[in-house]
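Computed from the coordinates by the stated procedures, all read-outs in this text should not be read as laboratory data. Just so you know, these numbers come straight off a predicted model, no measurement behind them. Every residue, glycine as well, gets a Cβ built from its backbone with ideal geometry; the counts of neighbours run over all protein chains shown.
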Amino acid sequence: MLRLLASLIFAAYLWFGGQAFAQTQPVVVSSFTVIHDWVQTIGGKDFETINIIPPRSEAHGFQLSPHHAKDLRRASVIVGMSPEFEPWLAAWAKANGRSDTILWLNKHSGGRTPLNLPANPHAWTDPARVRVMVKALADRLGKLSGQDKTQVAYQQYVKEIEKVEVILGQLFGEVPPEKRALISHHANLDLFAQRYGLKVAGTILAGGSAESADPSVRHFSELLALIRKQQIRVIVSDEGQNDTFARRLTEDAGLPPPLALSFEYLEPTGQPGDTWASMMLTNGRRLQQALLGK
Ligand SMILES: [Zn+2]
């Protein structure tokens with residue numbers, strides 16, 4: 001009986017202790033997996049972290065549900081890329097008077113970003129921009145917790161970002177100039193290509209997969225002509241998306257099947273591509289091999 005009572009008291013202690021602990025932690029909500037990875041890396045265990053768009057899901061065309069809105073209401077800070085990339089988040093914040101709660105990592109004005117580079121929502125594909133974005137995140141989380149730990153975590157993470165940058169630079173440095181052109185599924189590889197001296201000669205879709213109409217017959221002929229003229233060997237398709245158009249292009253051009261890449265999101269924990277660094281290196285290596293014709 002005494003033992004039962006003791007374990008009941010202990011359970012109650014854990015329950016209420018846990019509750020009190022959870023309530024004192026600031027809540028950080030991330031829009032999608034790449035940002036969630038940065039928040040966990042920089043914030044450590046000092047924050048309660050919630051991610052909205054799950055692993056292996058494209059952010060384009062995302063719709064907010066009441067369940068997500070509940071998470072957003074609890075947030076001390078909400079981290080997104082830009083109002084253009086997450087219009088659902090910008091709309092929610094405006095409607096709820098919570099615009100100050102949002103930290104936009106890639107917000108720009110007049111078409112330019114903080115590094116004064118052309119605007120493109122897929123800023124996480126460029127390690128140089130990632131350094132700037134993660135610094136902004138470390139500053140905001142540091143203010144929130146009142147601790148220097150986020151700056152220490154940032155300094156450590158910068159080393160990892162730089163490692164990714166160097167490895168990718170070496171990989172694409174091995175690709176001869178005449179083999180550096182590709183066709184992408186949607187316009188998500190422009191910044192990556194710019195950083196590593198590649199050339200996105202054309203894209204299949206006008207927007208993201210989840211929000212674009214099927215490309216036209218005319219667009220097909222234009223891309224096919226482009227592929228032949230520029231002797232392009234690599235057609236990229238977005239992993240998990242319909243690749244019928246890309247497949248027809250490769251068949252008509254006599255090329256290997258489309259190369260499925262997943263630069264749009266992270267994979268579930270424990271799989272290759274489950275962190276930003278792993279995602280960049282996994283996709284980068286596969287792209288390099290395809291450009292080399294391997
Ligand atoms: Zn995209």
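Ordering 256-267, 164-175 by mean Cβ neighbour count within 10 Å, with the highest value first, yields 256-267, 164-175.
For Asn51, the amide hydrogen comes within under 5 Å of the amide hydrogens of Ser30, counting only partners 5 or more places away or on other chains and with H modelled in the peptide plane. The equivalent ellipsoid that matches the C-alpha gyration tensor of the chain spans semi-axes of 40, 20, 19 angstrom, in descending order.
Dipole of the chain computed with +1 at Lys/Arg Cβ and -1 at Asp/Glu Cβ about the Cα centre; of Pro66, Val134, Ala187, farthest Cα towards the positive end is Val134. The amide H of Ala260, built 1.01 Å from its N in the peptide plane, has Ser237 as neighbours under 5 Å, considering only residues 5 or more places off or on other chains. Rounded to the nearest 10 degrees, the inclination of helix 217-229 to the longest alpha-carbon principal axis of the chain is 70 degrees. Think of the chain as having a plus end and a minus end, set by charges on the Cβ of Lys, Arg, Asp and Glu; of Gly80, Gln151, Trp124, Gln151 sits farthest toward the positive end of this dipole.
Angle check, please: helix 149-173 long axis (alpha carbons) against the longest principal axis of the chain (alpha carbons), in degrees 0 to 90, nearest 10. The two axes meet at around 20 degrees.
Phi-derived couplings, Karplus 6.51 cos²θ - 1.76 cosθ + 1.60 at θ = phi - 60°, listed residue by residue for the range 122-133: 8, 5, 6, 7, 10, x, 5, 6, 4, 4, 5, 5 Hz, with x used for Gly and Pro.
Have a look at the DSSP beta bridges in the chain and tell me what percent are antiparallel, nearest 5.
Close to 10 percent.
A helix-only calculation puts the chain at -15500 deg cm²/dmol for mean residue ellipticity at 222 nm, using -39500 (n - 2.57) for each DSSP H run of at least four residues, averaged over all residues. For Ala181, the residues whose modelled amide H falls within less than 5 Å of its own, excluding neighbours fewer than 5 places apart on the same chain, are Lys199. Between the listed residues Thr250, Leu292, His36, the Cα displaced farthest toward the positive end of the dipole of the chain, a dipole computed from Cβ unit charges relative to the Cα centre, is found at His36. Angle of helix 276-291 to the longest C-alpha principal axis of the chain, folded into 0 to 90 degrees and rounded to 10: 10°. Taken one residue at a time, the phi angles of the range 70-82 give Karplus couplings (6.51, -1.76, 1.60, θ = phi - 60°) of 5, 5, 4, 4, 7, 5, 7, 8, 10, 10, x, 7, 7 Hz. Gly and Pro are set to x.
Within the straight-line cut-off of under 23 Å between alpha carbons, the lysines reachable from Lys229 are Lys179, Lys199, Lys294, sequence neighbours fewer than 8 places apart in one chain being disregarded. Overall, the range 176-291 carries a charge dipole of about 600 debye about its Cα centre when +1 sits on the Cβ of Lys and Arg and -1 on the Cβ of Asp and Glu, all other atoms neutral. Within a straight-line Cα-Cα reach of under 12 Å, Lys107 can be paired with the following aspartates and glutamates, leaving aside sequence neighbours fewer than 8 residues apart in one chain: Glu84, Glu86. Ordering of 205-214, 37-46 by packing is 37-46, 205-214, highest average first (other Cβ atoms within 10 Å, averaged per residue).
When only the Cβ of Lys, Arg, Asp and Glu is charged (+1, +1, -1, -1), the dipole of the chain relative to its Cα centre reaches about 360 debye.
Each residue of the range 27-39 is assigned a 3J(HN,Hα), and the resulting list reads 9, 10, 9, 9, 6, 8, 4, 4, 5, 4, 4, 5, 4 Hz, derived from the Karplus form 6.51 cos²θ - 1.76 cosθ + 1.60 (θ = phi - 60°), x at Gly and Pro. Here the relative contact order of the chain, from alpha carbon pairs under 8 Å that lie six or more residues apart, stands at 16 percent.
Between beta-carbons, use under 12 Å as the cut-off and find the net charge around Lys294, counting Lys and Arg +1, Asp and Glu -1. Residues near Lys294 contribute +3 overall.
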